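The values are calculated or read from the model by the stated rules, or taken from the named source; none is laboratory data. Since this is a predicted model, take the numbers as computed values, not measurements. Methodologically, a virtual Cβ is constructed for each residue, glycine included, from the backbone with ideal geometry; neighbour enumeration extends over all protein chains shown. Areas reflect the complete protein model, heavy atoms only, side chains present, ligands, DNA and RNA absent. Shrake-Rupley method; radii C 1.70, N 1.55, O 1.52, S 1.80 Å.
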Amino acid sequence: MPINSDFRGRVAEGAVGKLLIIKAGTADMSCVVAAAATDKLLGTSDELDHVAGEMVDQAVGPVPKVRLGGTVAAGDALTSNAAGKAIATTTTGNRIIGFAEIAGVADDVITYLYAPGVV
């Protein structure tokens, strides 16, 4: 049976801020904030701040939102900085969550086309 949802529930293993890039935690279906462009990125957290043990909705829909950690242009491939915010990348080997749908600067919230992969 297919899963027809734009979100997946995961348990926060620590503090997870709103609209940040997340990666898998140590337990099944858990998550932590991503901290590097080479982390195995899953997507973004929902629009709430979470503490350890709370359920986080991981956005996997076609056009979710993310908080920026720097300037990006529409179409840029997006990866994570050390704080889980999205930054542009063209570096071979960096993992990405997708592509910026619109331009923005640090701390803007933008939409992106969900397309996880590796540059």
Which of the residues belonging to region 27-81 are under 20 Å from Phe7 (Cα atoms) and among the polar types (S, T, N, Q)?
Ser30, Thr44, Ser45, Gln58, Thr79, Ser80
Exactly one of (1) assigned to a loop (DSSP other than H, G, I, E, B); (2) modelled with pLDDT of 95 or more; (3) of a type outside the set (S, T, N, Q) is unmet by Cys31. Its number?
(1)
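Which one is surrounded by the fewest Cβ atoms within 10 Å (Cβ to Cβ) among residues in region 68-89 that are more than 16 Å from Ala36 (Cβ to Cβ) and of a type outside the set (Asp, Glu)? Spell out how you get there, then give the answer.
At the first step, the residues of region 68-89 found to be more than 16 Å from Ala36 (Cβ to Cβ) are 68, 71-76.
If we keep only those that are of a type outside the set (Asp, Glu) too, we end up with 68, 71-75.
Details: Leu68: 23, Thr71: 13, Val72: 25, Ala73: 10, Ala74: 12, Gly75: 12.
Here the answer is Ala73.
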Conditions first: (1) among the hydrophobic types (A, V, I, L, M, F, W, C); (2) surrounded by 15 or more Cβ atoms within 10 Å (Cβ to Cβ); (3) at pLDDT 95 or above. Ala59 passes all but one, so which condition is the exception?
(3)
Within region 57-100, how many residues are under 14 Å from the mean Cα position of the chain (by Cα), assigned to a loop (DSSP other than H, G, I, E, B) and among the charged types (D, E, K, R)?
1
Which residue is nearest to Lys23 (Cα to Cα), if the candidates are limited to region 101-114 and must be open to solvent by 40 Å² or more (accessible area, probe 1.4 Å) and under 13 Å from the mean Cα position of the chain (by Cα)?
Tyr114
Residues satisfying the stated conditions in region 13-28, i.e. under 14 Å from Ala52 (Cα atoms) and in a loop (DSSP other than H, G, I, E, B):
Glu13, Gly14, Ala15, Gly17, Lys18, Gly25, Thr26, Ala27
Residue hits (region 1-22; free of Cβ contacts under 8 Å to residues at least 40 places away in the same chain and surrounded by 17 or more Cβ atoms within 10 Å (Cβ to Cβ)) are Glu13
Just to check your reading of the model, which residue among Ala37, Ala52 is part of a loop (DSSP other than H, G, I, E, B) and open to solvent by less than 40 Å² (accessible area, probe 1.4 Å)?
Ala37
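Out of Val66, Val72, which single residue is among the aliphatic types (A, V, I, L, M) and within 24 Å of Arg8 (Cβ to Cβ)? Break it down stepwise before answering.
Details: Val72 fails: within 24 Å of Arg8 (Cβ to Cβ).
From the options Val66, Val72, the qualifying one is Val66.
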